[in-house]
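To start, the structure itself, in structure tokens.
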Amino acid sequence: MAAPHQQLDYDVIIIGAGLSGMYQLYRLRELGLKVRVFETGTGVGGTWYWNRYPGARFDSESYSYGYSFSKELLEEWEWSEHFAGQPETLRYCNYVADKFDLRRDIQFESRVAAATYQDDTRSWTLTLASGARHTCRFLITAIGPLSTPTLPRIEGRDSFEGQSFHTARWPKQKVDFAGKRVAVIGTGATGVQTIQTIAGEVGHLTVFQRTPNWCAPLHNGKIDAETQAKIKAGYSEIFARCQETFACFIHTPDPRGAFEVTDEEREAFYEKLYGERGFGIWQGNFRDILIDRRANATISDFVARKIRERVKDQRVAEKLIPTNHGFGTRRLPLETFYYEVYNRDNVELVDLIETPIERITPKGIRTSEREFEFDIIIFATGFDAITGSFDKIDFRGAHGALLKDKWTRGPETYLGLMVDGFPNMMMLMGPHTALGNIPRSIEYSVDWVTGLLRFAREKGLTFLDATPEGTADWTDHVKALGAGLLSNEVNSWMTGINSNVEGKQTRIVARYSGSAPAYRARCDAVAAKGYEELRLG
């Protein structure tokens, strides 16, 4: 059944020109579709465009993170470090945009304010913040799980007379820290990277910590010519490895349990992992450390001992050791001499559980104990994760239904890619999809969506919608996969908690926690059966 004839501006509109949006544009051009990308920023790169804060870098190995779709691109581009920093990664994104001439179909400084499905024409109308409107048959969101920054709800926040920045909205010009009194609020991954990077530059640094995080060494280093040659020769093996592993990293859980080895073997294994690059200590550890409390205690105790060894003042060391969650049950920041920062004379740690912030003043910050004066305040207070980027846009599906209303009790999706009642809308890296090493997951999701749109074009379809049953089944499946995971018993962005966002104080299952190969198998099966699980027309 064809839709009523209407001249639409585009076949497809993509929201966002980060890694997802860029690759989706590339793939849809191959189908010969008329595509437009709307991007809020002034350039491509998404996460790597916005997060310019000092020390921002990969914690996936660079060569496992970049795009895999073009052999020519893999041959041409050379990563300089095992874990590339933000400036290099942004150069990479721009290199990709130039190489494939992507910018001609991207409209920058164009924030999408609303997206409304038109029942009568089976199309979407997007309204930009400027008031401009554009229509399309299919809508693809590429807005990212961590792209909507949140500022803390602290009285007087806007009264501060010095400089202040959120890490995800860092100025493009260099910030001069020399001799400055600087505050950092927050010690998640961005806080850790910022703190360890600027401690040696500032006059004095005060870190305001509410919840300490378990951190492990990154062990970054330059890639020499010999290693570069090995990487280029081994790309097919690297990406094959990422396809096999649980979360698309080059690391995957050890098949043994923590208590299937002797105490000495376990200690030696932890020492080995602690001394190796990257996420091995999180993603390549014993299979039961994230599901068994006793097993988790062994690695938590090991890392706590490391913190005590690295921090000279044991009172400070104890404040840096988490007590409300086990190792790896929240997103693990990887660090480079982070703990040693607290051995410096110009660095002070303030425990916000002991002495909460009462307000931000024109001159600085007042806690329950004392008043601090600062020249610069840095908010490393994270994101309204998973659903936050969707909440910022007024999505209205069939019969005017609000997506925000549908997701009041947490996200409900079909394969993390679609939502029933929102026809012709596909989500890249949306809730309930496999995350892990993000670009590996991005490429799969983009290719799946591209396959669906190819199928729609071949069959002359103008209507693609998930069913309520399919959405309920997938949502229940995702919730069931989360049962027994220690991480789902912890307040974090991965469980939908954000004390700075109204209505996000109740834990939800916001992410798919099964294996990436199992996720791909399920999605592949849907495609193989001609998408018969969808409502098509």
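The values are calculated or read from the model by the stated rules, or taken from the named source; none is laboratory data. Because the structure is a prediction, the values reported are computed rather than measured. When we count neighbours, we look across all protein chains shown, and the Cβ atoms used for this are built from the backbone with ideal geometry, even at glycine. With ligands, DNA and RNA removed, areas are computed over all heavy atoms of the protein, side chains included. Shrake-Rupley method; radii C 1.70, N 1.55, O 1.52, S 1.80 Å.
Close contacts from the stretch 233-258, counting a first residue that is closer than 12 Å to GLY284 by Cβ and a second that is of a type in the set (Lys, Arg), with Cβ to Cβ under 8 Å and a gap of 6+ residues or different chains, come to ILE250/ARG241; PRO253/ARG287; ASP254/ARG287; PRO255/ARG287; ARG256/ARG287.
Here LYS312 passes the criteria (1) assigned to a loop (DSSP other than H, G, I, E, B); (2) surrounded by fewer than 17 Cβ atoms within 10 Å (Cβ to Cβ); (3) touching a helix residue (DSSP H, G or I) at 6+ places or on another chain (Cβ under 7 Å); (4) basic (Lys, Arg) except the one numbered (3).
Residue under question is ALA304, and the condition is that it be of a type in the set (A, V, I, L, M) and in contact with a strand residue (DSSP E or B) (Cβ under 8 Å, 6 or more places away or on another chain); does it hold?
Answer is no for this residue.
Checked against (1) within 22 Å of ARG305 (Cβ to Cβ); (2) open to solvent by 30 Å² or more (accessible area, probe 1.4 Å); (3) outside any helix (DSSP H, G or I); (4) of a type in the set (A, V, I, L, M, F, W, C), ALA258 passes all but condition (2).
If you check ILE377, ILE365, ILE360, which single one turns out to be within 27 Å of the chain's Cα centre (by Cα), closer than 29 Å to GLU318 by Cα and open to solvent by less than 20 Å² (accessible area, probe 1.4 Å)?
Criteria check complete, one pass: ILE377.
Can you find a residue in the stretch 471-483 that is open to solvent by less than 70 Å² (accessible area, probe 1.4 Å), in a loop (DSSP other than H, G, I, E, B), at pLDDT below 95 and not small (Gly, Ala, Ser)? No - not one qualifying residue is present in the stretch 471-483. In this structure, ARG440 does not qualify as open to solvent by 10 Å² or more (accessible area, probe 1.4 Å) and part of a loop (DSSP other than H, G, I, E, B). Please determine whether any residue of the stretch 13-35 is part of a loop (DSSP other than H, G, I, E, B), β-branched (Val, Ile, Thr) and open to solvent by less than 50 Å² (accessible area, probe 1.4 Å). No, there is no match, as no residue in the stretch 13-35 is part of a loop (DSSP other than H, G, I, E, B), β-branched (Val, Ile, Thr) and open to solvent by less than 50 Å² (accessible area, probe 1.4 Å).
Residues in the stretch 193-241 that are over 22 Å from the mean Cα position of the chain (by Cα), closer than 30 Å to VAL316 by Cβ and surrounded by 15 or more Cβ atoms within 10 Å (Cβ to Cβ): ILE198, ALA199, GLU201, VAL202, HIS204, LEU205, THR206, VAL207, PHE208. Which of the residues belonging to the stretch 88-105 are in contact with a strand residue (DSSP E or B) (Cβ under 9 Å, 6 or more places away or on another chain) and hydroxyl-bearing (Ser, Thr, Tyr)? Within the stretch 88-105, THR89 is the sole residue that qualifies. When the stretch 66-86 is filtered for residues that are more than 19 Å from GLN193 (Cα to Cα) and either part of a helix (DSSP H, G or I) or modelled with pLDDT under 95 (or both), the ones remaining, listed by number, are LYS71, GLU72, LEU73, LEU74, GLU75, GLU76. Of all residues in the stretch 159-172, those satisfying the criterion of being modelled with pLDDT under 90 and either on the phi > 0 side of the Ramachandran plot or surrounded by fewer than 17 Cβ atoms within 10 Å (Cβ to Cβ) (or both) are ARG169, LYS172. If the requirement is being open to solvent by less than 20 Å² (accessible area, probe 1.4 Å), touching a Pro at 6+ places or on another chain (Cβ under 8 Å) and not hydroxyl-bearing (Ser, Thr, Tyr), which of these qualifies: GLY46, GLY66, GLY85, GLY41? Of the residues listed, the single one that is open to solvent by less than 20 Å² (accessible area, probe 1.4 Å), touching a Pro at 6+ places or on another chain (Cβ under 8 Å) and not hydroxyl-bearing (Ser, Thr, Tyr) is GLY66. Looking across THR116, THR125, one residue alone is open to solvent by less than 50 Å² (accessible area, probe 1.4 Å) and free of Cβ contacts under 8 Å to residues at least 12 places away in the same chain. It is THR125. Remark: PHE327 matches the filter, which requires a residue to be open to solvent by less than 20 Å² (accessible area, probe 1.4 Å) and assigned to a loop (DSSP other than H, G, I, E, B).
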